[in-house]
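*Asks:* Got a structure for you, questions after.
Please treat every number below as a calculation from the coordinates, not as lab data. What you see is a predicted model, and the numbers here were worked out from it, not measured in a lab. As a convention, Cβ positions derive from the backbone with ideal geometry for all residues, glycine included, and neighbour counts pool all protein chains shown.
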Amino acid sequence: MRSFFIQNFGCRASQADGAGLEGALSEAGWNAAAAPSGADVVILNTCSVTSSADDDVRKSIHRIRRQNPDARILVTGCYAQRAPEEIRREPGVTWIVGNSHKTEIPRLLDPSATPYHGQILVGEISASAGFLSAPVEEASGDRTRPNLKIQDGCNNLCTFCIIPSLRGPSRSMEPELVVEQVRRLAARYKEIVLTGINLGRWGRERGFPGPRGMRLAGLLRRLLEQTPVELLRLSSIEPMDWSSELLELMAAEPRIARHVHAPLQSASDAILRRMKRRYRARHYEELL
């Protein structure tokens, strides 16, 4: 049986992508190897937030070539999206697949499909509509809780941030699929963490059915009504996305963790303005 190994770099969103990719390849008949040394194909699901993250990927490529010279190496993720030509210069890399085409990897590796003869498969990320995700387990003390990515991408275009050019526009997991995933996870776990690149924008780009379009608070209500989950926890949400409806729901509902992670890049409005952040210090103060 054909075997693969996925090495994930970077954030929870990247790990969720890797878990989703692992599931897709397993469904396609591939066997997950325990280590790169035992895999026919090694997939490096990369991060590119810092230059040191890029260095880590290149070191992994060199190590895999030494340990398993017959393996084909596929580099995907944010580094592949940002600098495919740079990666091409690394000997031993068979494919470079950007986030724009990450969902196409199972088809690319399918021997019965029309072969792709190029080395680089990277497109315009702003046109991306794909969504790849699977729960990722996280140890917390003596507990293990899954992180479920329900949103990807970002539309904010802040001055300092490379994320929109690497992960594309905001995209949301369909509410029916969120309910299905949470219901399945609730059978095994007491606590589930909902995550995303810009979690507070869940549903806003789609206009999901509802009197005002379903937003994050509406999704939470639906999860509480339609699943037996004991505790939901939210990951980072920008200050401008904490609506009064969301805060009131968290205060009233014991099945939602009373935990707020609201990032603040600066307390100076002048700096925030130059960064093109969509809030000011007073908004953060009002929230708290």
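*Asks:* From Cα pairs below 8 angstrom and at least 6 apart in sequence, can you work out the relative contact order of segment 36-167, rounded to a whole percent?
*Replies:* With pairs under 8 Å counted, the relative contact order is 19 percent.
*Asks:* To the nearest 10 degrees, how steep is helix 51-67 against the longest Cα principal axis of the chain, on a 0 to 90 scale?
*Replies:* The angle comes out at about 40 degrees.
*Asks:* Please go through segment 195-288 and write out the GluC sites (Glu not before Pro) that DSSP classes as loop and that have at most 13 other C-beta atoms within 10 Å.
*Replies:* GLU230
*Asks:* Could you tell me how many degrees, from 0 to 90 and to the nearest 10, lie between the Cα long axis of helix 12-27 and the main elongation axis, the longest principal axis, of the Cα atoms of the chain?
*Replies:* Helix 12-27 sits at roughly 50 degrees to that axis.
*Asks:* By how many degrees, between 0 and 90 and to the nearest 10, does the Cα long axis of helix 216-226 differ from the longest principal axis of the chain?
*Replies:* Roughly 90 degrees between the two axes.
*Asks:* Determine the calculated [θ] at 222 nm for the chain from helices alone, applying -39500 (n - 2.57) to every DSSP H run no shorter than 4 residues and normalising by the residue count; nearest 500 deg cm²/dmol.
*Replies:* That comes out to -9500 deg cm²/dmol.
*Asks:* Taking the Cα-to-Cβ direction at ILE162 and at MET275 and moving 7 Å from each Cα, how far apart do the two end points lie in nm?
*Replies:* 1.8
*Asks:* In percent, what relative contact order does the chain have, based on Cα pairs under 8 Å that are 6 or more apart in sequence?
*Replies:* Result for the chain is 13 percent.
*Asks:* Taking amide H positions as placed 1.01 Å from N in the peptide plane, with prolines and chain starts having none, which residues 5 or more places from SER235, or on another chain, fall under 5 Å of its amide H?
*Replies:* Excluding prolines and chain starts, which carry no amide H, the hits are LEU194.
*Asks:* What does the charge count near SER51 come to, summing +1 for each Lys or Arg and -1 for each Asp or Glu among other residues with Cβ under 13 Å from its Cβ?
*Replies:* Spelling it out: positives minus negatives among the neighbours equals -1.
*Asks:* Further, regarding this structure: Within a Cβ distance under 14 Å of VAL229, other residues only, what is the Lys/Arg minus Asp/Glu net charge?
*Replies:* +4
*Asks:* Here's something else I'd like to know. For ILE163, what charge total do you get from the other residues with a beta carbon under 12 Å from its beta carbon, if Lys and Arg give +1 and Asp and Glu give -1?
*Replies:* So the surrounding residues net to +1.
*Asks:* Under a straight-distance cross-link criterion of Cα-Cα below 18 Å, which lysines are reachable from LYS190, leaving out those fewer than 8 residues away in the same chain?
*Replies:* LYS149
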